[in-house]
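Below is one structure, written out as structure tokens; the observations come after it.
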Amino acid sequence: MDERLTPVGPIVKLLRRPEVGAFVAALGIFAFFSLTTEVFLSPAGVSTWLYSASLFGIMAVAVALLMIGGEFDLSAGAMTGTTGLIVGVMTTQWGANVWLSMGVALAVALTLGAGNAIIVMKTGLPSFIVTLATFFILQGINLAVTKLITGSVVIQGMGTVPGFDAVRVFFGSSFPFLGMDLKVAVVWWLLAIIVATWVLIRTRAGNWIFAVGGQLQSSRQVGIPVMKVKIGLFMTTAGAG
């Protein structure tokens, strides 16, 4: 008898789910720090590690979608630096409006993400290789251009940029919650998780993501717009930076 037809219990079914391993590992790490560090579960401690987790978590949501779609983006970290430097240079050196600068940075990121996708799809090269090249290019540009424009490799004076306080309300502020000083980035992280989960489970686009990540050729044969799906995933990852 085919082992796939053999009845299995609910515990075995649960253990076969891929997310269980990650959950168990996270639970183990949580238990370790809870037992070895007194401040870990204090309001200040929770707000601190939740904020740190949210900064990585927002990007992780987009990268997870991309990985489900069968690709990977090694340039995501450098993209975060690039968009930040674009905003910093435009506002502190050229006096541009901070909202306009953020829009330009987002447009650049989306363009680079689309470029990664097109190169991967047109050349057939692994996304690992293509995005690794993008990573090194962006890393070099980040250092060289910043040094050329500012004479340094850092951006200073963002706090005095007109409109910075308004931007900070949406992306850098905090609010009291259950005794914690919770950063608004945590809310953005939770929203990203909710939206990504809804897209994957409840929409046609989510079905397409699963399909192109599992059977690329079959996806083409049944009419799924593979190129559009891949471009959208790479742009989402780049935009999350």
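The values are calculated or read from the model by the stated rules, or taken from the named source; none is laboratory data. All values derive from a computational prediction rather than experimental measurement. As a convention, Cβ positions derive from the backbone with ideal geometry for all residues, glycine included, and neighbour counts pool all protein chains shown. Just so you know, the surface numbers come from the protein's heavy atoms only, side chains and all, with ligands and any DNA or RNA stripped out. Shrake-Rupley method; radii C 1.70, N 1.55, O 1.52, S 1.80 Å.
What accessible area, in Å² to the nearest ten, does a 1.4 Å probe give for Asp181?
Accessible area, nearest 10 Å²: 90 Å².
At a Förster radius of 35 Å, what calculated FRET efficiency corresponds to the Cβ-Cβ distance of Val169 and Ile29, to the nearest 0.05?
On the way: r = 33 Å, r/R0 = 0.93.
Between Val169 and Ile29 the formula returns 0.60.
Heavy-atom accessible area per residue, region 10-240, 1.4 Å probe: how many Å²? It would help to have the intermediate numbers written out before the result.
On the way: 13740 Å² over 231 residues.
That works out to 59 Å² per residue.
Which cross-chain or sequence-distant (5 or more) residues have an amide H under 5 Å from the amide H of Phe177, H modelled 1.01 Å from N in plane?
Here the answer is Leu182, since their amide H atoms fall under 5 Å of that of Phe177.
Counting only the backbone N, which residues of region 55-92 are under 13 Å from the spot 7 Å out from the Cα of Met227 toward its beta-carbon?
What the label zone holds, given the 13 Å backbone N cut-off, is no residue at all.
Between Val154 and Ser52, what FRET efficiency comes out of the Förster formula 1/(1 + (r/R0)^6) with R0 = 22 Å and r the beta carbon distance, rounded to 0.05?
Details: r = 21 Å, r/R0 = 0.97.
For R0 = 22 Å, the calculated efficiency reads 0.55.
Among the lysines, select those whose C-alpha is under 27 Å from the C-alpha of Lys228, and discard any that sit fewer than 8 residues away in the same chain.
The reachable lysines, counting only those whose Cα sits under 27 Å from Lys228, are Lys122.
Expressed as a rounded percentage, what relative contact order does region 1-145 have, with Cα pairs under 8 Å and six or more residues apart? Don't jump to the answer; show the numbers that get you there.
Values: 77 pairs, mean separation 31.6, N = 145.
After rounding, I find 22 percent.
Just the number, please: carbon plus sulfur as a percent of the accessible area of region 10-240, 1.4 Å probe, no ligands or DNA/RNA counted. If you can, show how the numbers build up before the last one.
Details: 9960 of 13740 Å².
So the carbon and sulfur contribution to the accessible surface is 73 percent.
Measuring from label point to label point, each 7 Å out along Cα→Cβ, what is the Arg204 to Phe177 span in nm?
3.5 nm
Just grab the label-to-label distance for Leu191 and Trp99, each label 7 Å out from Cα along the Cβ direction, in nm (one decimal).
1.5 nm
Using modelled backbone amide H atoms (1.01 Å from N, in-plane), which distant-in-sequence or interchain residues come within less than 5 Å of Ala96's amide H?
Long-range HN contacts for Ala96: Thr91.
On the full set of protein chains, 1.4 Å probe, figure out the accessible area of Thr111 and give it in Å² to the nearest 10.
Counting only protein heavy atoms, Thr111 exposes about 90 Å² to solvent.
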